[in-house]
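Novice: Structure incoming, see below.
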Amino acid sequence: MKRTDLFAPVWRRFRRSRLAIAALIYIALVSLIALFAPLIATNGTKALVPFAPNDAQLVDRLQPPSVVHRLGTDELGRDILSRMIHGARVSLTIGLTATLISLIVGSLLGALAGYYGGAIDWIVSRLIEIVLCFPFLFLVLGIVALFRPSMTTLMIALGLTSWTTEARFVRGEFLRIRELEFAQAARASGARDVRIIFRHLLPNAFAPVLVAASFGVAAAILTESALSFLGVGVSVPTASWGSILASAEENIDYAWWMVVFPGLAIFLTVAAFNVIGDRFRDALDPRFE
Amino acid sequence: MQRAAADTAVDENTPQEGGTLLRRLETDVSTLNPVLATSRYDRLVENYIFSPLIYIDANLQPTAGLAEKWEISPDGKLYTFHLSPKATFSDGVPLRASDVIFTLHKLVDPKTEAPQIAGGFEQLDLATTRAVDDHTVAIGFKEVFASQLSRFNELLIVPEHVYSKGDFRNDFVSQAIGSGPYRMVRRVPGKEILLERRDDYWTRKPYIKTVLFKVVVENATAWNALQKGELDETPVSSDIWLNESNNVQLKKKLDFRRFYTLSYNYIPWNGRDPIVGDKRVRRALSMCVDLKSLINNLYHGTARAMTGPFTPDSWAYNPEVPVVEFNPLEARRILNSLGWLDTDGDGILDKAKKPLRLEMLVIAGSGPTMIFAQLFQSELKKIGVQLNVLPLDPSVLIQRVLAGNYQAAYIGWDQDPDPDPYNIFHSSQIPPHGQNFIYYANPQADRLIEAGRRELDHGKRQAIYRELHALLAEDQPYTWTIQVSSKWASTRRVRGVRESNGYGLFLWYPGEFDWWIAQQPPPR
């Protein structure tokens, strides 16, 4: 009950942005498509898109968009639309899972540092600085190169390199709220540290972290595309938006459809997550009222 | 040259002197020391700076290089070369027989670790190898080797008075002194190498004054650079060739050429692997490569199917060996008969609870390779074989293949003008001794390979290699796939470009030394 009270004005302010609502609807739609990809795009005449994503027909390679192949075909004669629908699964899964990993790692380390302070804070803060020292993409590339490229590797590599934002946010919030009355009350009533951190402090520090996470999803999708483009992303024949773009590179002069559509999908999705994060941050700020 | 009639501004038959040729290096050279050369990119540059004992002509026959003439002893073990007395190095010092002896000693010295060239000189007999006089050198071998003479083309001579001083492995990586038509001006590693024609060159001088090699790794970058005139030549992809070689606007600026060389693609199967070590399995897998569709749809007829270790243009090729027919159903039947059945209904064949999963290494970033790999993967999946495709950097891939740490790969060979299958199929050449990284050991093949390299009668040697061709096709240690024709584009200001029968545009004689630059590119 208390929490709905807290979030109601935030949601009211957020709702006011029509762009944010559009972004939310767009993300929901893409998520639905991704969820039902195996039903939407598969072999068989009954499917909405009657092509399996990895079905190569060399005779039909590099066909421009037509009634049959609505977004054209790639260099192996595979249907781009089908690959993009299945690619949405990969891109969203990687984006969300990587963000979840960074959210868990970041919140935990940030909470420990902010709550206990002292030596633990020093260690976590230095760890954050060390991770931040490395150029992000190179760090991810290094981790991926160590193991064999796969979806799991990608998600872990992305998650373990992008938790610093979340950690700093949570640490900052904890430093502020750990001395507030409700925290002191919890402590005075004899609650253990674990309970204070997870039941009392973390929920109150979570709003700004969710904003960071929203940007994080966008960044993860973009990085996955970049890695796939560089050839260290998901392994063949799995499609992700980035890997479709990568295979477009050699045919860029003859197959604009291989560039435009996956590029547009990446752009719109990343933009949508950024808009949501941006408006959510504004909505959290009571001064915007 | 047919276009001569249309061009009035430049007389095609009167080559012009001077100019700068902008050549592409797809990969920077690893070293400019010819004894240590590892890749053909090294040789592209070294060919200008150094000269070999003999050159290979347009028909892949030996022709005069540093040696004006030569004799081979009746037993085929002693080669006597008569060097040109006019030959000098770019520092003005005359080239002597002692320089040849020095180079040979360096080549076989284990400390040098000369990687590839040493292959043709393994049987060098230092006891009978000597300088007869200043301009005559006798080179002896312990065993007869039929394609020995053409191997002298790989022996680029270095001057003893320069290369005997300092650290042989490390001091001559970025500087070079040789007896070739050009001298080295500068090398900026990773970027460019500038060469300048020697005014004191000892035999017929090439027309072009300076040659600038630019390191351009990306194919797309090179293609753009070529159109802007920042490069004069580059190989082009099949897709560019098919789409652009008839483009009227582009043909005003560029010449397009297509020809077959001595290279071909194949899948090596690791013979020690429990699954693909069985030749019946290999044959079944070979049946899942749709060569016809690949050639027609991907290359639009600009490639051809391989059947065995020799290319269709080679005299050693056996025209009676058939291409392995594309037949996935038969492949599945063979695998089933070998006990590979889908017992758990997951769509993947299995035997003793182990699914039929294979891994193929491919070179990352190469378009046609990835297309081939994914097609093969998709055909195999249909018959219940799961193929994982692992893209790797070329150096990592080669390292893993040479170490036997692989199941399958998709790579290519560049053959020697006079083919010798010894190093890649003879059982004595299993790593670390040679490049038989498929661990192929068949006594019958060994006998044929040995007989072929000893036989000096061309007709008999041809019969031996044809028999070997059929035997290897039967054993399928490789899945031989295709020979893709080389496709090149060059700017129209570069003239005198000709193709050899197998070597392409350069590295034969006169090859690139006959090119010249039209100072005023004429309108077409």
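Every number here is computed from the coordinates shown, using simple stated rules; none is lab data. Source: prediction; values computed, not measured. So basically every Cβ, Gly included, is an ideal-geometry build from the backbone, and we count neighbours across all protein chains shown.
Novice: Return the equivalent ellipsoid semi-axes of segment A:146-289 as a descending list in whole Å, where each equals the square root of 5 times an eigenvalue of the C-alpha gyration tensor.
Specialist: Semi-axes from the Cα gyration tensor: 41, 19, 9 Å.
Novice: Please find, in a Gaussian network model of chain A (springs between Cα atoms separated by less than 10 Å), the residue of A:Tyr115, A:Tyr26, A:Tyr254 whose mean-square fluctuation is greatest.
Specialist: Among A:Tyr115, A:Tyr26, A:Tyr254, the largest mean-square fluctuation in the Gaussian network model of chain A belongs to A:Tyr254.
Novice: Check each of the trypsin sites (Lys or Arg not before Pro) in segment A:178-258 and keep only those in coil by DSSP with at most 12 other C-beta atoms within 10 angstrom; list them in order.
Specialist: Listed in order of number, the matching sites are A:Arg192.
Novice: Hey, another quick one. Kirkwood Rh and Cα-based Rg: tell me the resulting Rg over Rh for segment B:31-163, rounded to two decimals.
Specialist: Using only Cα positions, Rg/Rh for segment B:31-163 is 0.92.
Novice: Oh, and also: Which is farthest toward the positive dipole end of the protein assembly as shown among B:Ala303, B:Tyr478, A:Ala145, measuring Cα position about the Cα centre, with Cβ charges +1 (Lys, Arg) and -1 (Asp, Glu)?
Specialist: A:Ala145
Novice: Summing Lys, Arg as +1 and Asp, Glu as -1, what charge do residues with Cβ under 15 Å from the Cβ of B:Leu402 carry, B:Leu402 excluded?
Specialist: 0
Novice: Same structure again: Taking every residue in A:50-60, how many Cβ atoms of other protein chains lie within 10 Å of its Cβ, on average?
Specialist: Mean shielding count: 3.
Novice: Taking the Cα centre of the protein assembly as shown as origin and charging only Cβ (+1 Lys, Arg; -1 Asp, Glu), how large is the dipole, in debye to the nearest 20?
Specialist: Here the protein assembly as shown has a charge dipole of around 2780 debye.
Novice: Take every DSSP beta bridge with both residues inside the protein assembly as shown and express the antiparallel ones as a percent of the total, to the nearest 5.
Specialist: Restricted to the protein assembly as shown, the bridges split so that about 80 percent are antiparallel.
Novice: How long is the protein assembly as shown along each principal axis, judged by its Cα atoms, biggest number first, in Å?
Specialist: Answer, in whole Å and largest first: 105, 63, 59 Å.
Novice: Let me ask something else about it. Calculate the mean, over all residues of peptide B:364-376, of how many other protein chain Cβ atoms lie within 10 angstrom of the residue's Cβ.
Specialist: Neighbouring Cβ atoms belonging to other protein chains average 4 per residue here.
Novice: Considering every pair of different Cα atoms, what Kirkwood radius, in Å, is found for segment B:334-442?
Specialist: This gives a value of 15.8 Å.
Novice: Hey, how many Å between the Cα centroid of segment A:93-154 and the Cα centroid of segment B:449-524?
Specialist: 54 Å
Novice: Among rounded, prolate and oblate, which fits chain A when a ≥ b ≥ c are the square roots of the eigenvalues of its C-alpha gyration tensor, a/c under 1.5 means rounded, and a/b larger than b/c means prolate?
Specialist: prolate
Novice: Kirkwood Rh, Cα Rg: Rg to Rh for segment A:59-98?
Specialist: The Rg/Rh ratio comes out at 1.15.
Novice: Within 10 Å of each Cβ in B:235-242, how many Cβ atoms from other chains are there, averaged over the peptide?
Specialist: That average works out to 2.
Novice: Count the DSSP beta bridges whose two residues both fall in segment B:263-484, then state the antiparallel fraction as a percent rounded to the nearest 5.
Specialist: If I count the DSSP bridges inside segment B:263-484, around 60 percent turn out antiparallel.
Novice: Order of B:469-476, B:164-171 by packing, highest average Cβ count within 10 Å first?
Specialist: Peptide ranking by packing, descending: B:469-476, B:164-171.
Novice: Okay, moving on. Sort B:412-420, B:371-379, A:44-52 by the packing proxy (mean of other Cβ within 10 Å over each peptide's residues), most packed first.
Specialist: Ranked from most to least packed, the peptides come out as B:371-379, B:412-420, A:44-52.
Novice: With a sphere of radius 10 Å drawn around the Cβ of B:Leu78, what net charge do the other residues whose Cβ falls strictly inside it have (Lys, Arg +1; Asp, Glu -1)?
Specialist: Summing Lys and Arg as +1 and Asp and Glu as -1 gives -2.
Novice: Also, I was wondering about something else. In which sequence would B:Ser366, A:Ser247, B:Ser179, B:Ser337 go, from the one with the fewest C-beta neighbours within 10 Å to the one with the most?
Specialist: The fewest-first ordering by Cβ neighbours comes to B:Ser337, B:Ser366, A:Ser247, B:Ser179.
Novice: Right, something else. Kirkwood hydrodynamic radius (Cα pairs, Å) of segment B:385-516?
Specialist: 17.8 Å
Novice: Measuring from centroid to centroid over Cα atoms, what is the spacing of segment B:85-148 and segment B:316-337 in Å?
Specialist: Their Cα centres are 45 Å away from one another.
Novice: Which three extents, in angstrom, do the Cα atoms of segment A:1-81 have along their principal axes, listed largest first?
Specialist: On the principal axes, segment A:1-81 reaches 61, 22, 19 Å in Cα extent.
Novice: Using helices alone, what [θ] at 222 nm do you get for chain B, with -39,500 (n - 2.57) per DSSP H run of 4 or more residues, divided over all residues and rounded to the nearest 500?
Specialist: -7000 deg cm²/dmol
Novice: Which pairs, out of B:Lys279/B:Lys353; B:Lys354/B:Lys381; A:Lys46/B:Lys354; B:Lys209/B:Lys252; B:Lys106/B:Lys214; B:Lys86/B:Lys209, put more than 28 Å between their alpha-carbon atoms?
Specialist: Checking Cα-Cα distances, A:Lys46/B:Lys354; B:Lys106/B:Lys214 exceed 28 Å.
Novice: I'd like the distance between the alpha-carbon centres of segment A:55-84 and segment A:233-289, rounded to an integer number of Å.
Specialist: Answer, in whole Å: 20.
Novice: Would you work out if chain B is rounded, prolate or oblate? Take a ≥ b ≥ c from the square roots of the eigenvalues of the alpha-carbon gyration tensor; rounded if a/c is under 1.5, else prolate when a/b is larger than b/c, oblate otherwise.
Specialist: oblate
Novice: Going by C-beta contacts inside 10 Å, put B:Met370, B:Met360 in order with the fewest on the left.
Specialist: Ascending Cβ contact count within 10 Å gives the list B:Met360, B:Met370.
Novice: A follow-up question, please. In a GNM of chain A with a 10 Å cut-off on Cα contacts, which of A:Leu112, A:Leu103, A:Leu264 has the highest mean-square fluctuation?
Specialist: A:Leu264
Novice: If you add up the charges near A:Val209, with Lys and Arg at +1 and Asp and Glu at -1, over every other residue whose beta carbon is less than 14 angstrom from its beta carbon, what do you get?
Specialist: Around A:Val209, the surrounding residues sum to +2.
Novice: On alpha-carbon atoms, Rg over Rh for segment B:263-484 using Kirkwood Rh?
Specialist: 0.96
Novice: Mind jotting down the three principal axis lengths of segment B:127-233 based on Cα atoms? Whole angstrom, largest first.
Specialist: Between the extreme Cα coordinates on each principal axis of segment B:127-233 lie 55, 32, 32 Å.
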